[in-house]
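A.B. asks: Can you keep this structure in mind? I'll have questions shortly.
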Amino acid sequence: MTVLDEPVNETVAPERVPHVDFDTSPDRYRHWRFTVDGETATVYLDVDEGGGLVPGYELKLNSYDLGVDIELHDLTQRLRFEYPQVRSIVLTSGKDSNFCAGANIRMLAGSSHPWKVNFCKFTNETRNGIEDMSAAGQTWIAALNGTAAGGGYEMALACERILLVDDRSSAVSLPEVPLLGVLPGTGGLTRVIDKRRVRKDRADVFATKSEGFGGRKAVEWKLVDEAVARREWDRVVAERAEELKGDRPADAQGIALSPLARTEADDAITYDHVRVTIDRGARTATLVVAVPEMTDDPAALHEQGAAHPLLAITRELDDAILRLRTNELEIGTWLILTEGAVEHALAADRLIADHQDDWLVAETTRFLKRTLKRLDVTSRSLIALIEPGSCFAGPFLELALACDRQYMLEGTFEEAEDATLPSGAEATEPATLVVTNAQFGTFPMGNGLSRLESRFYGESLDDVPRDTPLTGADADDAGLVTDAPDDIDWTDEIRILLEERASLSPDALTGMEANHRFVGPETMETRIFGRLTAWQNWIFVRPNASGPEGALRKYGTGRKADFDQKRV
Amino acid sequence: MTSARPKIDFDAKIPNNVDLAGDRKLQRALERWQPNFLDWWGDMGPAVDTKDVYLRTAVDVGRDGWAHFDHVPMNEYRWGVFLSEHDPDRTIAFGEHKGEPVWQEVPGEYRADLQRLIVIQGDTEPASVEQQRFLGATAPSLYDMRNLFQVNVEEGRHLWAMVYLLHAYFGRAGREEADQLLARNSGSDDSPRILGAFNEETPDWLSFYMFTYFTDRDGKYQLGTLKESGFDPLSRTCEFMLKEEAHHMFVGTTGIDRVVRRTAELMQTHDTDEVAGAGGIPLTMIQKYINFHYTVSLDLFGNESSTNAANYFTAGIKGRWQEERRDDDHRLADDAGHVDAFRDGQITRNEVPALLALNQDLRHEYINDCKTGLKRWNRILQKAGIDAELYLPHVGFNRQVGAFAGAHITPDGKVVSESDWKARKDAWLPTELDKTHVRSLMHPVLEPGKIASWIAPPSTGINDKPVDFEYVHFH
């Protein structure tokens, strides 16, 4: 935990909140380094105290902020795509006696509410991504060579095995409740009981005991898997890294994740295939995913690497989502469109469906899966506009199904200015969408269901027409779109819908959408993004945490928080 | 996309100043709606079989266009779509958008509220046609029959006006609402009209005059507040409708004039108040009809204190009567107002934020307007040398909606017990006996220039035609 010696009472003023950039690469890391030795990578958290993303705090004791996590996210992507032969990953600290003190308190105390929420969401996604890597044969092992507190321990919880050095002083802890009056916000409470199966009474003791547990007790309570003496440390860590290796192809050759080509203007972000335009008056962003011609041959993916359309689109979309989410808080509605021939999308569909045994195809598929999941937890109203010239087919249909509503034009536009897509204005063929195998489990949501299953929860999917182009009327009949107006109605319907949406409470919309998007079973993921996050976000705005007398503000001032004692 | 259209020669069939011929959205909507409207008119419109009727048709909004007279077969009446002249500089006169240019499209934020206001207004228009469906059969003269049909076709046109707004500005949801306007019917058990007063039958001509005087006058005030709307097409539509509504008021005012005049004549001739035996309607009975229709119409203004009205005002979608002539800030955010209240058995007033008192404000304007008719009718009585006076009952009398609902208040404003009120009710409101007497007088008079026994002839005809003009032709 970062110890503060001065009170923190100001929030981050708007001018101090930077425009967040998610671009980085190993040569630019300030807080991480990694080595790859054969099939094992070792990842060192070594935070640069002066390298905070926002001025005003020091990242002491290996504590982190969003900037640290952006590098970790990049690092995971590198290991996936550039080092596919890596089968185990050891996460440890580059500091001598400390693993990680978690999220920086001064940063949290000084941050606006949206900043805290966005920060937690992104770190949660990265933790989930780490588990997704382990499931894909790159097993993460936490080698806690010093105390892991709060978010530091939560990072370890995302790994499949936790080793803690047994030096009579290092411990794991979740001190958020007793010291800060907030929750461990990156899945800590959830993973302790769901993943590590710690009994709830012990979890309660642990999460209220600021100093946590080390040594044998930590093992006995299943908080860590092993407590390892110092003299055994290197050997045991190396052994575990060897034993826990996942399943990866031995001959896998990585591809380079070259920097994204992106141009930014005030109201636009343009990539090779994805383009975003922002209408600030209407508070909407229009995301167009243009799908170019591609082959269904995996060799092309290996040959083109990051330039291959499927991988490039996924990277661009992921980056666009992150940028809009973090930097454009007031753009409350995203219109999502695709552009290109349906046949292009179906080539991508075949590539994915027929070549999951190819590591790069599989990795790209998982990347797209994670990107789609980002949409699922994005606190914006998502509206798919399915217009002529679009290609909502197979994997790209998932974009529409991730949206809160889908509007599909029946027929074509008679008046060119009604079309959102330039190519749609002249289109003589009506829009069609195609349901494929991709809708049946390739891209599960956090609840473990496909978006199609979630849409028709509890109903049979047997009648959903597959592998056939559906017009607006067909799609409407099949329940795949919200409405299929014709060109006479289209403009008014969409305009009124968007204006009406823009007039509603942003908070109520966020809550409503988050509730509607996830039906059915709870999983660890839905519990983290639903239960844990919702409670955390509530606590964040309560005076007991964030008020001038709240625990988050008083921490490190030498004075106690003054709680409103009413239980709510 | 192609489709078989237009089947209808729009400009010829539907006089309009909204470029119907150039608007395929409207055309498609009306193509479907117009046949349904004609079916509705056939089923629910005037039941009397006529050859043609001397009617006024609006063919334009200008001085010459809006009152075009001719004999027209009823089912060939050309219901038109008219908005008053466009003022490009018009700004919103009230609420939080005060001073901003008026909206030419429905702002999405207010779609639901605007649609609701238009649907409620639109629902009243065909309702009265349905309520008055059988009246033609007992018309006291051809002149009156013609006036009834004129009111009917214009109520039909007002329905068109509201349907135009729903079709032109509210997309698919608007089209569905337009269909529902024909599917609900006055007095229907399954799908009645939205407002209670429009499910009451209009069984006789005295009720008709009362309805056009009191209930259509509510319509005038509602239209007047919608005329102030920041949604310009609604404003312009209502402004033009108000011209026609004025004629309906005229039918009511002069109709009651003539009943009162005839009653006065009979009172003098027979030297008695009891003119029933002489084929007239006694003044006490006229007073009871006033009591009933006035109070039912007061209910149409809703609760004294209304958050809906406040929201509409703040949003700029429904203003106050003659908003722009009022001398205040037109926002009312910090002002206070008084509303009628009934508390602990006492008639009293509550102070509330002015925004919440807008229904009361409008009802107050309406009441003052209603008083002018009473003055007219009492002048007729006075000139005839009759001592008695007609009056408006107390605002709390016989109310089903608002602060006085459930209170027992006499026409002169005294609070009495429920049993007392019920015991005396027959002296204040039309009884079955009264209604039977009025109905017994309702015999058709179809000879030009002749008039029924219970009503005096009009002083002048329509459009400078003589009173004995053949206003209606029969087969």
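Here's the yes/no breakdown for (1) small (Gly, Ala, Ser); (2) in contact with a helix residue (DSSP H, G or I) (Cβ under 9 Å, 6 or more places away or on another chain); (3) surrounded by 14 or more Cβ atoms within 10 Å (Cβ to Cβ):
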residue	(1), (2), (3)
B:Arg363	no, yes, yes
B:Lys371	no, no, no
B:Trp377	no, yes, yes
B:Glu389	no, yes, no
B:Val395	no, yes, yes
B:Pro411	no, yes, yes
B:Val416	no, yes, yes
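A.B. asks: While we're on this one: Among the residues that make up the range B:53-75, is at least one of them of a type in the set (Asp, Glu), in a strand (DSSP E or B) and surrounded by fewer than 18 Cβ atoms within 10 Å (Cβ to Cβ)?
C.D. replies: Yes, the range B:53-75 contains at least one residue that is of a type in the set (Asp, Glu), in a strand (DSSP E or B) and surrounded by fewer than 18 Cβ atoms within 10 Å (Cβ to Cβ).
A.B. asks: Within the range A:78-122, track down each residue that is of a type in the set (S, T, N, Q) and within 18 Å of A:Ser173 (Cα to Cα).
C.D. replies: Result: A:Thr92, A:Ser93, A:Ser97, A:Asn98, A:Asn104.
A.B. asks: Shifting gears a bit: Got at least one residue in the range B:232-241 being of a type in the set (D, E, K, R), surrounded by fewer than 21 Cβ atoms within 10 Å (Cβ to Cβ) and within 22 Å of B:Ile451 (Cα to Cα)?
C.D. replies: Looking for residues that are of a type in the set (D, E, K, R), surrounded by fewer than 21 Cβ atoms within 10 Å (Cβ to Cβ) and within 22 Å of B:Ile451 (Cα to Cα), one finds none in the range B:232-241, hence no.
A.B. asks: Counting only residues that are assigned to a helix (DSSP H, G or I) and over 14 Å from A:Leu385 (Cβ atoms), how many does the range A:476-490 have?
C.D. replies: So the count comes out to 3.
A.B. asks: Looking for whichever is within 14 Å of another protein chain (Cβ to nearest Cβ), under 30 Å from B:Asp361 (Cα atoms) and of a type outside the set (Gly, Ala, Ser) here; the options are B:Phe198, B:Phe231, B:Phe214. Which one fits?
C.D. replies: The conditions single out B:Phe231.
A.B. asks: Testing B:Phe301 on (1) among the hydrophobic types (A, V, I, L, M, F, W, C); (2) assigned to a loop (DSSP other than H, G, I, E, B); (3) closer than 23 Å to B:Ser459 by Cα, one condition comes back false. Which one is that?
C.D. replies: Exception for B:Phe301: condition (3).
A.B. asks: Same structure, new question: Does the range B:350-358 contain any residue that is closer than 18 Å to B:Arg399 by Cβ and assigned to a strand (DSSP E or B)?
C.D. replies: yes
A.B. asks: So A:Gly511 fits all but one of (1) touching a helix residue (DSSP H, G or I) at 6+ places or on another chain (Cβ under 6 Å); (2) more than 14 Å from chain B (Cβ to nearest Cβ); what number is the exception?
C.D. replies: (1)
A.B. asks: Among the residues that make up the range A:127-137, is at least one of them more than 22 Å from the chain's Cα centre (by Cα) and either within 28 Å of A:Arg553 (Cβ to Cβ) or crowded, with 24+ Cβ neighbours inside 10 Å (or both)?
C.D. replies: No, because not a single residue in the range A:127-137 is more than 22 Å from the chain's Cα centre (by Cα) and either within 28 Å of A:Arg553 (Cβ to Cβ) or crowded, with 24+ Cβ neighbours inside 10 Å (or both).
A.B. asks: What about B:Tyr289, is it among the aromatic types (Phe, Trp, Tyr), assigned to a helix (DSSP H, G or I), more than 27 Å from B:Pro233 (Cα to Cα) and modelled with pLDDT of 95 or more?
C.D. replies: Spelling it out, B:Tyr289 is indeed among the aromatic types (Phe, Trp, Tyr), assigned to a helix (DSSP H, G or I), more than 27 Å from B:Pro233 (Cα to Cα) and modelled with pLDDT of 95 or more.
A.B. asks: Here are A:Val205, A:Val177, A:Val182: which of them is of a type in the set (Val, Ile, Thr) and crowded, with 21+ Cβ neighbours inside 10 Å?
C.D. replies: None of the others qualify; the one that does is A:Val182.
A.B. asks: Restricting the search to the range A:406-433, which residues are over 23 Å from B:Arg24 (Cβ atoms), surrounded by fewer than 24 Cβ atoms within 10 Å (Cβ to Cβ) and touching a helix residue (DSSP H, G or I) at 6+ places or on another chain (Cβ under 8 Å)?
C.D. replies: If the condition is that a residue be over 23 Å from B:Arg24 (Cβ atoms), surrounded by fewer than 24 Cβ atoms within 10 Å (Cβ to Cβ) and touching a helix residue (DSSP H, G or I) at 6+ places or on another chain (Cβ under 8 Å), then A:Thr432 is the only one that fits.
A.B. asks: Looking at (1) buried (at least 23 other Cβ atoms within 10 Å of the Cβ); (2) of a type in the set (A, V, I, L, M); (3) in contact with a strand residue (DSSP E or B) (Cβ under 9 Å, 6 or more places away or on another chain), which is the only condition A:Leu59 fails?
C.D. replies: The single condition A:Leu59 does not satisfy is (3).
A.B. asks: Please pick out the residue among A:Thr436, A:Thr442, A:Thr420 that is under 27 Å from A:Leu368 (Cα atoms), modelled with pLDDT under 95 and either among the β-branched types (Val, Ile, Thr) or touching a Phe, Trp or Tyr at 6+ places or on another chain (Cβ under 9 Å) (or both).
C.D. replies: Result of the check over A:Thr436, A:Thr442, A:Thr420: A:Thr420.
A.B. asks: Can you work out which of the residues in the range B:55-108 that are acidic (Asp, Glu) and in contact (Cβ under 8 Å) with a residue 24 or more places away in the chain is nearest to the other protein chains (Cβ to nearest Cβ)?
C.D. replies: B:Glu105
A.B. asks: While we're looking at this one, here's another question. What number of residues within the range B:153-181 are within 14 Å of chain A (Cβ to nearest Cβ) and more than 17 Å from B:Arg193 (Cα to Cα)?
C.D. replies: Selection size over the range B:153-181: 11.
A.B. asks: Of these, B:Leu148, B:Leu159, B:Leu165, B:Leu114, which one is assigned to a helix (DSSP H, G or I) and touching a Ser or Thr at 6+ places or on another chain (Cβ under 7 Å)?
C.D. replies: Going through B:Leu148, B:Leu159, B:Leu165, B:Leu114 in turn, the sole match is B:Leu165.
A.B. asks: Further, regarding this structure: Condition first: surrounded by 12 or more Cβ atoms within 10 Å (Cβ to Cβ) and under 30 Å from B:Lys414 (Cβ atoms). Now tell me which residues in the range B:329-347 satisfy that.
C.D. replies: B:Ala336, B:Gly337, B:His338, B:Val339, B:Asp340, B:Ala341, B:Phe342, B:Ile347
A.B. asks: Only one residue in B:Gln150, B:Gln115 is more than 14 Å from chain A (Cβ to nearest Cβ) and either within 24 Å of the chain's Cα centre (by Cα) or charged (D, E, K, R) (or both), so which one is that?
C.D. replies: B:Gln150
A.B. asks: State the number of residues belonging to the range A:174-202 that are closer than 25 Å to A:Tyr555 by Cα, assigned to a loop (DSSP other than H, G, I, E, B) and under 24 Å from the mean Cα position of the chain (by Cα).
C.D. replies: Total meeting the criteria: 7.
A.B. asks: Here's another thing I want to ask about it. Within the range B:241-264, can one find any residue that is of a type in the set (S, T, N, Q), touching a Lys or Arg at 6+ places or on another chain (Cβ under 6 Å), farther than 30 Å from A:Glu499 by Cα and part of a helix (DSSP H, G or I)?
C.D. replies: Scanning the range B:241-264 turns up no residue that is of a type in the set (S, T, N, Q), touching a Lys or Arg at 6+ places or on another chain (Cβ under 6 Å), farther than 30 Å from A:Glu499 by Cα and part of a helix (DSSP H, G or I).
A.B. asks: Taking the range B:300-325 as the search range and keeping residues that are in contact with a Phe, Trp or Tyr (Cβ under 9 Å, 6 or more places away or on another chain) and basic (Lys, Arg), which one is surrounded by the fewest Cβ atoms within 10 Å (Cβ to Cβ)?
C.D. replies: Taking the candidates together, the pick is B:Arg320.
A.B. asks: Looking at A:Thr92, is it modelled with pLDDT of 95 or more and in a strand (DSSP E or B)?
C.D. replies: Yes; evaluated as a whole, the condition is true for this residue.
A.B. asks: Of a type in the set (Asp, Glu) and either within 13 Å of the chain's Cα centre (by Cα) or surrounded by 22 or more Cβ atoms within 10 Å (Cβ to Cβ) (or both): is that true of B:Asp179 in this structure?
C.D. replies: So B:Asp179 does not fit the description; no.
A.B. asks: Collect the residues in the range A:464-474 that are within 14 Å of another protein chain (Cβ to nearest Cβ) and not in a helix (DSSP H, G or I), keeping them in residue-number order.
C.D. replies: Within the range A:464-474, just A:Thr471 meets the criteria.
Per-residue answers, yes or no, for (1) in contact (Cβ under 8 Å) with a residue 40 or more places away in the chain; (2) away from chain B (no Cβ under 14 Å):
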| site | (1), (2) |
| --- | --- |
| A:Pro430 | yes, no |
| A:Thr442 | yes, yes |
| A:Ser454 | yes, yes |
| A:Asp476 | yes, no |
| A:Asp483 | yes, no |
| A:Ile494 | yes, no |
| A:Ser505 | no, no |
| A:Val519 | yes, yes |
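A.B. asks: Something else: Sort through A:Arg280, A:Arg262, A:Arg235 and tell me the only one that's closer than 30 Å to A:Arg191 by Cα, surrounded by fewer than 21 Cβ atoms within 10 Å (Cβ to Cβ) and out of contact with any helix residue (DSSP H, G or I) (no Cβ under 6 Å at 6 or more places or on another chain).
C.D. replies: Only one candidate qualifies: A:Arg235.
The values are calculated or read from the model by the stated rules, or taken from the named source; none is laboratory data. The model shown is predicted, which means the values in this text are computed figures rather than measured ones. Counting neighbours? That spans all protein chains shown, and the Cβs are built from the backbone with ideal geometry, glycine included.
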